[in-house]
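For reference, the structure is listed below as structure tokens.
Please treat every number below as a calculation from the coordinates, not as lab data. This one's a predicted model, so the numbers in the text were calculated from it and none came from an experiment. For neighbour counting, all protein chains shown are included, and Cβ atoms are generated from backbone atoms with ideal geometry for every residue, glycine included.
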Amino acid sequence: MPTEPAPLPALVVSACLLGVRCNHRGEASPSAVVAALGDRYRLVPICPETAGGLPTPRDAAEIQPDGSVRTGSGEDVTAFYRRGADAAVALATSVGAEEAVLKARSPSCGCASVYDGTFTRTLQPGRGVTAGALVAAGLTVRSEEDLAPDR
């Protein structure tokens with residue numbers, strides 16, 4: 001009797017990297033390098049912002065020095081980002097994922113740096129809300145830029 005192949009390990013991925021038009025502009029950020037991971041992993045997409053209840057498109061938001069997430073007009077959207085992070089952790093747990101590949105610099109998904117809250121496109125070291133929650137849950141997180149062939 002033939003043996004079934006072992007199931008591929010689950011990998012949580014920012015949905016925009018797989019071509020889903022869900023970023024704040026209503027666009028996607030497709031990455032061929034990330035899509036190619038489908039040869040080795042079962043890709044499990046999520047957009048934490050939409051999972052948290054925000055519309056697409058939506059106003060750009062940045063993490064503020066006090067840890068809140070606000071739009072350029074000052075609207076506090078922290079609860080949406082936290083709800084999305086909780087959904088991402090629940091999804092990762094339910095599929096047994098140990099790793100995630102997330103969109104660089106996003107206030108949800110940024111893994112190494114995020115914008116500083118001034119809306120001047122100034123980066124600072126830090127993690128987005130979802131990236132931080134996934135790390136706290138024991139996952140390894142990387143951005144699509146960490147996977148680039150020239151790095």
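Below is a table of values for the structure above.
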read-out: Efficiency of FRET between Ala79 and Leu8 - r from beta-carbon atoms, R0 35 angstrom, step 0.05; value: 0.55
read-out: Antiparallel bridge percentage (DSSP; both residues within the chain; nearest 5); value: 35 percent
read-out: Local electrostatic count at Asp116 - Lys and Arg +1, Asp and Glu -1, tallied over other residues with Cβ under 14 Å; value: +2
read-out: Cysteines without a disulfide-compatible neighbour (Cβ-Cβ under 4.7 Å), the chain; value: Cys16, Cys109, Cys111
read-out: Peptide ranges 117-126, 91-100 listed from the most packed, as the mean C-beta count within 10 angstrom indicates; value: 91-100, 117-126
read-out: Modelled label reach - Thr56, point 7 Å along Cα→Cβ, region 82-108 residues with backbone N closer than 14 Å; value: 103
read-out: Coordinate range along principal axes, alpha carbons of region 9-50, Å, largest first; value: 30, 18, 8
read-out: Peptides ranked, highest mean first, by Cβ atoms within 10 Å: ranges 132-139, 80-87; value: 80-87, 132-139
read-out: Over the chain, relative contact order from alpha-carbon pairs under 8 Å, at least 6 apart, %; value: 22 percent
read-out: Per-selection metrics, the chain (Cα): Rg and Dmax in Å; value: 15.5, 63
